[in-house]
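The structure appears right after this line, and notes come after that.
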Amino acid sequence: MSRFELVIFDCDGVLVDSERLANEILAEMLRDLGLGLTLADMFEHFVGRSTQQCMEKISQLLGRPAPPQLFPAYRARVEAAFVSRLEAIPGIARALDLITLPCCVASNGSRTKMRQALGATGLLPRFEGKIFSAEEVGRPKPAPDVFLHAASRFGVAPARCVVVEDTPIGVAAAAAAGMCPLGYAGLTPKASLEAAGAQCTFEQMADLPGLLAQLGGPPDDSSRSPPLCGVA
């Protein structure tokens, strides 16, 4: 019997390969406003944050309020790109086939955006009825609210939940929730995920089912060997 009862996935960058695509679009729009940011800058400033947090950061970088039409226009461009260019994270479909625990999605993104992204990549049927947005709770990540909300809906104690995240903000939220954070380091440096509290990091989704089995072990079995972290 595993010590875990629920696997909670972030959406962008964990299930769907949207982080790079969305941030390339936003960077292009910010250049039109006079902000010349690299993709690395975009990941540092915006990945894992809510729309409100991103707008506040853009205003700070601009030194003036961000145009109110910025994010509606951004969402429209991202939605169009998702239809034609969005793909699932390599290996995630097979990993989901092999994971035997219940799974759900919890993200700072809106429910509509998650459904669009999951639908475009063929993953929506796997998570229908199991999608949770920070819009449904009081605070976005790095607050733990959306993770605690998901666990509550499944009737699972936080300590029995494992969270798969690709950003330090998400990892910190999972740790604050009292859950076991795993850091997917497909694009994010392992060191930043570990510093935020990731119990383990991995770079290939093919490694996730085995890592979950290894970390799960029998509940409260202090005699088992320490987990192999930093799977490459």
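The values are calculated or read from the model by the stated rules, or taken from the named source; none is laboratory data. Please read all numbers here as calculations on a predicted model, not as lab measurements. Here Cβ is always computed from backbone atoms with ideal geometry, including for glycine, and neighbour counts include all displayed protein chains.
Just one of the listed residues (R64, R49) is over 19 Å from the mean Cα position of the chain (by Cα) and not assigned by TED's automatic domain parsing to the domain that holds A198, namely R64. Taking every residue in the range 161-182 that is closer than 14 Å to A195 by Cβ and pairing it with any residue that is of a type in the set (D, E) and part of a loop (DSSP other than H, G, I, E, B), at least 6 positions away or on another chain, the pairs with Cβ-Cβ distances below 8 Å are E165/D10; T167/D10; G170/D10.
Looking for something modelled with pLDDT under 95, more than 17 Å from the chain's Cα centre (by Cα) and closer than 26 Å to Q53 by Cα - is there at least one such residue anywhere in the range 133-154? Looking for residues that are modelled with pLDDT under 95, more than 17 Å from the chain's Cα centre (by Cα) and closer than 26 Å to Q53 by Cα, one finds at least one in the range 133-154, hence yes. Within this structure, G178 passes the test of being at pLDDT 95 or above, surrounded by fewer than 24 Cβ atoms within 10 Å (Cβ to Cβ) and not in a helix (DSSP H, G or I). L70 falls short of the stated requirement of being in contact with a Lys or Arg (Cβ under 8 Å, 6 or more places away or on another chain) and not assigned by TED's automatic domain parsing to the domain that holds S133.
Only one of the numbered conditions (1) touching a Phe, Trp or Tyr at 6+ places or on another chain (Cβ under 7 Å); (2) of a type in the set (D, E); (3) farther than 18 Å from G91 by Cβ is violated by D166, and that is (3).
Filtered by the rule that a residue be over 14 Å from D12 (Cβ atoms) and either surrounded by fewer than 24 Cβ atoms within 10 Å (Cβ to Cβ) or among the hydroxyl-bearing types (S, T, Y) (or both), the range 181-194 gives A185, P189, K190, A191, S192, E194.
One line per residue, one yes/no per condition, for (1) buried (at least 17 other Cβ atoms within 10 Å of the Cβ); (2) of a type in the set (D, E):
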| position | (1), (2) |
| --- | --- |
| M1 | no, no |
| F4 | yes, no |
| I8 | yes, no |
| L39 | no, no |
| E44 | no, yes |
| R49 | yes, no |
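Restricting L101, L96 to residues that are within 23 Å of D166 (Cβ to Cβ), touching a Ser or Thr at 6+ places or on another chain (Cβ under 8 Å), assigned by TED's automatic domain parsing to the domain that holds Y184 and at pLDDT 95 or above narrows the list to L101. G48 fulfils the conditions (1) farther than 30 Å from P125 by Cβ; (2) in contact (Cβ under 8 Å) with a residue 60 or more places away in the chain except for a single criterion, (1). Helices (runs of 4 or more DSSP H) fully within the range 56-127 that include at least 2 residues being within 30 Å of G216 (Cα to Cα): 92-98, 111-120, 124-127.
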